[in-house]
Amino acid sequence: MGIMNFFRSTKTFAHGIHPVEHKEQTADKPIRRLGFAPELVLPLAQHRGKPARPLVKIGQEVVRGEPIAEADGFLSVPLHAPADGVIRAIDLASTAEGPKAQAIFLKVHRASTQEVLYDLHRDLDTLSAEELIAAVQAAGLVGLGGAAFPSHVKMKPPAGRTLETLVVNGCECEPYLTCDHRVMLERPDSIMAGIRIVLKATKASRAVIGVEDNKPDALARLRERIPADLPVTVEAVETKYPQGAEKMLIKSLFGWEVPAGGLPADLGIAVYNVGTLAQMGELLPRGQGLIERVVTVSGPGIFRPGNYLVPIGTPLRFLLEHTGMSEQAGEVILGGPMMGMSVASLEVPITKAVSGVVVLEAQDPDLAQRQVLPCIKCGACLEACPVKLNPSTLGQLAQHREYGRMASDYYLDQCFECGSCAYVCPSNIPLTQYFRIAKAINREHQRKPN
Amino acid sequence: MSRPIEIRTSPHLKRARTVPQIMLGVVWALLPICAFAVFQFGLSALLLLVTTTAVAMGTEYLFARLSGRGNTLNDWSVVITGLLLGLTLPPGFPLWMAAVAAFVGVALGKSLFGGLGFNVMNAALVGRAFAQAAFPVAITTWTPGFAPGRFQEPIPSTLTPPLMQPIPVKDWIGGLNIDGFTGATPLALQKFQHIEVSGLDLFTGMVAGSAGETSALLIMVCGLWLAYQRLLDWKIPVGVMLGAVLIALPFWLLDGGVYPTPWFVLCSGGLMLGAWFMASDMVGSPETPWGALVYGLFIGALTVVIRLFGGLTEGIMYAILLANAAAPLISAVTQPRVFGTRKERRS
């Protein structure tokens, strides 16, 4: 940090933290296919935006790959059946977020094959940009890095903006997770095919792939697989959390800051995760939908950690029975341990947004519940915050419930809850958690002004 | 699965140095300085340090209990306060006065504000400022270091009975047969007689002064270790030294016969101890990166101004206390530029 950056040649951003990576458990584990659970649970809202609308009735037979729910408007994506089976119910189901939500329950036929019969081969070269965007939406693609933002929406820049650069995010900065790493190693050609599609649809002139320098094998593999006619460069960026946050990656690659409250599109940039592009490259030529994704299952509480190709809707319990879970398991996290959500129930399904399942043990030193002490103004949080907020002052304001001032005077809304401040706080103040609550309260106040 | 899983919100990982670890690190860094103080001034320095630390801990314990905060000794911060106070007092300072200073420092300087993290000023310096006002003679009575027999018996004034004026040490010093000891610190010699002590003696600590402030070299080594461990913000001591030199240099160039050399300014008095161990106290200093530098410069500059133009020979104590008071203001005007914003929009 600080002075040392002058001597570094790797591209990076200021601040951030270096959590223990824990990636060695799964980084060398090839992606393996997981079998079908007896029943799949498919929430209608697996993406940002409006929930999908069911197309099926209870008792209806569906085949693997068939659309079972349609997009409700532009800011929405459809849902496809991940297996052959029969619709058992459309009802409320447990979700990782907490409140129950509408979902389609698909009872899987024992004879369901892994082959996708629902197939619609087409020549992408003949499609226009508009048709490509529609095809991406029809495939049900969302950001597989964890944000679950509908992929096709980002292809259409806001009015008055043009996209010049496609940034491909292969950082994978969260500890434990290696699913993107494996995709880059095993499916580089699919990623390139996805890049080709996005470049054509967005009319962007170049693509830059950013990969953290702790994955030299992925960097090398991508570099050797760039097609001669594709304007792609591969850049190594410093291994540092949260390098994979899109604003940080843009800063690292180009030195540009996305304006506060703005989007990468304001700089003519669209950011896509490598996993998303790999799926796009494979699904679009066949006209298929997103029905499975790579999930890293790891952590000290897992017996057989690895990278699994999991059908969307697989209940967590089925997945964890397959990988084995320790008796000492203390916390089950969907996503990475820095930004993921811990679940209350193992009936929660794997959705499109779930990049990893991390099981920590109760005695894990990282989990240690320590006494919260007063802020000693050591400034460690200021040196950690990637958006250069003042978490120390924000935390004190939160303790005094000055939520409005946090936003008006200290840029609370710039916080994207990466967790770096809480990670480094020697007083164990749950800063990120305070900020999440403060933002929720501010949103509530905006909705109902008194 | 037999046991219930827990639900928390992210981040689920946590690996940070804890407050007790930070404070203990500072205590470790202070111990060599304490050892040198005892080596130089003997039994008196040892008794002094033990007294201030014990009274500081007792006061902290008492007030924390009274205010229902439980036992706060385990965060180690009050040990730093006790040791620092002892190090800033003259080696022959009567123990009962040191005990009063430690009590006042911790009680008024820290506990009444709500304990660790809430105090505005450095508690050790609050105690010393009180002693400076209450016991002006005792706190400016200096004794020579490396006195023979210093490990067998304390300096006479050390054991002054409570509430009594200190026992005069003139005869005791006379009996030591040390050539040329005038009972003045290098700072006083320079200020009133324009005699500069050798730079090397100052640097290594072969001079009279407060128990723990004499060896600039040792303090700097311990401070650098702290900075290397990232237990203090290097910008603060660097700022203090830079600020001091920036003010001292022009005057010295103007009239080297009257004004001290910058080197003398840095190595004399409590500047080094103050810069590395008191100004850098996290609680009293601004948390913003630029604020730390401004705060350091302010302390350094003010120290030299007090030394050159004030009635006192030493200025670091009041400079730090004033800067402590100004720290929230310095923080407010040096807020970091938030990612993606061009200019401060705050007015």
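The values are calculated or read from the model by the stated rules, or taken from the named source; none is laboratory data. Not measured: the values here are computed from a predicted model. Glycine gets a Cβ as well: all are built from the backbone with ideal geometry, and neighbour counts include every protein chain shown.
Some points to look at:
- Of all residues in segment A:144-166, exactly one satisfies the criterion of being over 14 Å from the mean Cα position of the chain (by Cα), surrounded by 24 or more Cβ atoms within 10 Å (Cβ to Cβ) and not in a helix (DSSP H, G or I), namely A:Leu166.
- Any hit, segment A:202-212, residues being over 30 Å from A:Gly299 (Cα atoms) and assigned to a helix (DSSP H, G or I): yes
- Set side by side, the residues A:Ala245, A:Ala265, A:Ala220 differ, and just one is among the hydrophobic types (A, V, I, L, M, F, W, C) and either in contact with a Phe, Trp or Tyr (Cβ under 8 Å, 6 or more places away or on another chain) or surrounded by 21 or more Cβ atoms within 10 Å (Cβ to Cβ) (or both), which is A:Ala245.
- When residues of segment A:405-422 are limited to those that are in contact (Cβ under 8 Å) with a residue 40 or more places away in the chain and acidic (Asp, Glu), the one surrounded by the fewest Cβ atoms within 10 Å (Cβ to Cβ): A:Asp413
- Test: B:Leu308 is modelled with pLDDT under 95 and in a helix (DSSP H, G or I): yes
- Qualifying residue in segment A:298-321 (condition: facing chain B (nearest Cβ under 8 Å) and more than 25 Å from A:Cys173 (Cβ to Cβ)): no
- Counted as qualifying within segment A:371-411 are the helices (runs of 4 or more DSSP H) with 3 or more residues that are under 21 Å from A:Pro426 (Cβ atoms) and of a type outside the set (Gly, Ala, Ser), namely A:380-384, A:391-399.
- One residue stands out among those in segment B:11-28 that are more than 7 Å from every other protein chain (Cβ to nearest Cβ) and crowded, with 20+ Cβ neighbours inside 10 Å: the one that is nearest to B:Val78 (Cα to Cα), which is B:Met23.
- Residue match in segment B:195-204 (condition: at pLDDT 90 or above, of a type in the set (Val, Ile, Thr) and either more than 30 Å from B:Thr288 (Cα to Cα) or under 19 Å from the mean Cα position of the chain (by Cα) (or both)): no
- Here B:Trp252 qualifies as assigned by TED's automatic domain parsing to the domain that holds B:Ile195 and either in contact with a helix residue (DSSP H, G or I) (Cβ under 7 Å, 6 or more places away or on another chain) or buried (at least 23 other Cβ atoms within 10 Å of the Cβ) (or both).
- Residue within segment A:441-449 that is within 28 Å of B:Thr341 (Cα to Cα) and facing chain B (nearest Cβ under 9 Å) present: no
- Residue in segment A:412-450 that is modelled with the lowest pLDDT, counting only those that are of a type outside the set (A, V, I, L, M, F, W, C), in a helix (DSSP H, G or I) and farther than 19 Å from A:Met338 by Cβ: A:Arg447
- Contacts under 7 angstrom Cβ, first residue in segment B:6-19 being of a type in the set (Lys, Arg), partner outside any helix (DSSP H, G or I) and surrounded by 21 or more Cβ atoms within 10 Å (Cβ to Cβ), 6 or more apart: B:Arg8/A:Glu331; B:Arg8/A:Ser342; B:Arg15/A:Pro19; B:Arg17/A:Pro426
- Selection from segment B:298-347 of residues that are away from chain A (no Cβ under 14 Å) and more than 15 Å from B:Ala279 (Cβ to Cβ): B:Val305, B:Arg307, B:Leu308, B:Phe309, B:Gly310, B:Gly311, B:Leu312, B:Thr313
- Residue check for A:Asp189: part of a helix (DSSP H, G or I), outside the structural domain of A:Leu360 (by TED's automatic domain parsing), modelled with pLDDT under 95 and surrounded by fewer than 23 Cβ atoms within 10 Å (Cβ to Cβ): no
- Being of a type in the set (Lys, Arg) and facing another protein chain (nearest Cβ under 7 Å) is a property that does not hold for A:Lys352.
- Residues that are away from every other protein chain (no Cβ under 14 Å) and not in a strand (DSSP E or B), drawn from segment A:322-349: A:His322
- Residue match in segment B:70-80 (condition: free of Cβ contacts under 8 Å to residues at least 24 places away in the same chain and either within 19 Å of B:Ala279 (Cβ to Cβ) or not hydrophobic (A, V, I, L, M, F, W, C) (or both)): yes
- Filtered residue count, segment B:139-154, keeping only those that are more than 18 Å from B:Thr214 (Cα to Cα) and surrounded by 12 or more Cβ atoms within 10 Å (Cβ to Cβ): 3
- Exactly one residue out of A:Cys375, A:Cys381 is more than 7 Å from every other protein chain (Cβ to nearest Cβ), over 29 Å from A:Ala71 (Cα atoms) and touching a helix residue (DSSP H, G or I) at 6+ places or on another chain (Cβ under 7 Å): that is A:Cys381.
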